[in-house]
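Chemist: What follows is a structure written as C-alpha cells; I'll ask about it next.
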Amino acid sequence: EFAVRAFQLSAIDYLLKPIDDVLLSKALNKVRKKQNYQAYARVALLKENLQQQETKRIALPYNGGMNFIDTADILYLKADNVYCDIFLMGSSPLTVSKPLKELESILPKPRFFRSHRSYVVNIDLVKEYITSSGGEIVMKNNTSIPLARERKDEFILLWQKTNLWFALAD
C-alpha cells in the first residue's frame, strides 16, 4: 500500500526497514543524479531562452523625448565623433548623442555587424558585397559602406551562417 502511494507521488526509490546501507547509498545517488539533471535542464532552458530573446525595439533619446525604433528597420549606424547617425528603412536618419560602441552593444547579434570602425550594418538588409577596392557592403538603399580588410573574413563567415551563400568564384 505504501509502495503504491510512493509511486503515485513519483518517488525516486522505496526503502524498507531495517535500512540497508548499500540500498540507502544507491537511493541517495539516484536523488543526486536527478537533482543534477534537473539543474542542468534548467540551465540549458535558460540559455536557450536567452539566445532566442532578441532586442526588437530600442529607445533612442532626443532633445524632447524618446524615439522607439524597430531594430529590423535599422539599415546601418555611422559614428560621427560623440554622435551617431542611425539610418532607417523608409525614413530620415536620426542623430543621437551616444557613441557607436554603446549602441552596438544593445543591438542584437549576429544581426548587426561592425564592418568598419565607423559603421555597424544590419546583415539582413545587405544587398551586395563588392570585393574590389578593399571591400564594400551595399545596403538595400544603395548606400555603400566600407568593409575593413581585417573584418572581411568575419563578415563572410557571418553571412554564411545567417544566409544562403554560394562561393562561385574567389
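The values are calculated or read from the model by the stated rules, or taken from the named source; none is laboratory data. Note that the structure is predicted; figures quoted are calculated from it, not measured. Every residue, glycine among them, receives a Cβ derived from its backbone with ideal geometry; neighbour counts consider all protein chains shown. Protein only, heavy atoms only, side chains kept; ligands, DNA and RNA dropped before computing areas. Shrake-Rupley method; radii C 1.70, N 1.55, O 1.52, S 1.80 Å.
Chemist: So what's the convex hull volume per residue for the Cα atoms of the chain, in Å³? Working shown, then result.
Modeler: On the way: hull volume 40.6 nm³, N = 170.
Cα convex hull per residue, to the nearest whole number: 239 Å³.
Chemist: Let me ask another. Just to confirm a number: summing +1 for Lys and Arg and -1 for Asp and Glu over residues other than residue 35 whose beta-carbon lies under 14 angstrom from that of residue 35, what do you get?
Modeler: Numbers: positive: 30, 32, 33, 34, 42; negative: 13.
Net local charge, residue 35 excluded: +4.
Chemist: With contacts defined as alpha carbon pairs under 8 Å and 6 or more residues apart, what's the relative contact order of the chain in percent?
Modeler: Values: 189 pairs, mean separation 18.7, N = 170.
Relative CO of the chain lands at 11 percent.
Chemist: If I fit a long axis through the Cα atoms of helix 21-52 and take the longest principal axis of the Cα atoms of the chain, what angle between them do I get, 0 to 90°, rounded to 10?
Modeler: On a 0 to 90 degree scale, this one is about 20.
Chemist: Please give the calculated 222 nm ellipticity per residue for the chain, where each DSSP H segment of at least 4 residues contributes -39500 (n - 2.57) and the sum is spread over every residue; nearest 500 deg cm²/dmol? All intermediate terms of the calculation are to be shown ahead of the outcome.
Modeler: Numbers: 4 runs with 57 residues, N = 170.
Taking each H run of at least 4 residues, the total per residue is -11000 deg cm²/dmol.
Chemist: Hey, if you drop one equal point scatterer on each alpha-carbon of the range 1-48 and run the Debye formula without solvent, what base-10 log of I(q)/I(0) do you get at q = 0.14, 0.24, 0.25 Å⁻¹?
Modeler: Per q value, in the given order, log10 I(q)/I(0) is -0.48, -0.90, -0.93.
Chemist: List the pairs from 98/140; 33/161; 56/127; 34/109; 101/152 whose alpha-carbon separation is above 28 Å, in the order I gave them. Write out the running numbers ahead of the final one.
Modeler: On the way: 98/140 25 Å; 33/161 36 Å; 56/127 21 Å; 34/109 35 Å; 101/152 19 Å.
Checking Cα-Cα distances, 33/161; 34/109 exceed 28 Å.
Chemist: For helix 152-162, what angle does its Cα long axis make with the longest principal axis of the chain, in degrees from 0 to 90 and rounded to 10?
Modeler: Tilt of helix 152-162: around 50 degrees.
Chemist: So which residue, out of 145, 19, 106, gets the largest mean-square fluctuation from a GNM of the chain using Cα contacts under 10 Å as springs?
Modeler: Largest GNM mean-square fluctuation: 19.
Chemist: Using a 1.4 Å probe on the protein heavy atoms, what percent of the accessible area of the chain belongs to carbon and sulfur? Spell out each step's value before the answer.
Modeler: Values: 6600 of 12350 Å².
Answer for the chain: carbon and sulfur cover 53 percent of the accessible area.
Chemist: Mean 1/r over all different Cα pairs, inverted: what Kirkwood radius does the range 84-133 give, in Å?
Modeler: Working: mean 1/r = 0.0823 Å⁻¹.
After inverting the pairwise mean of 1/r, the radius is 12.1 Å.
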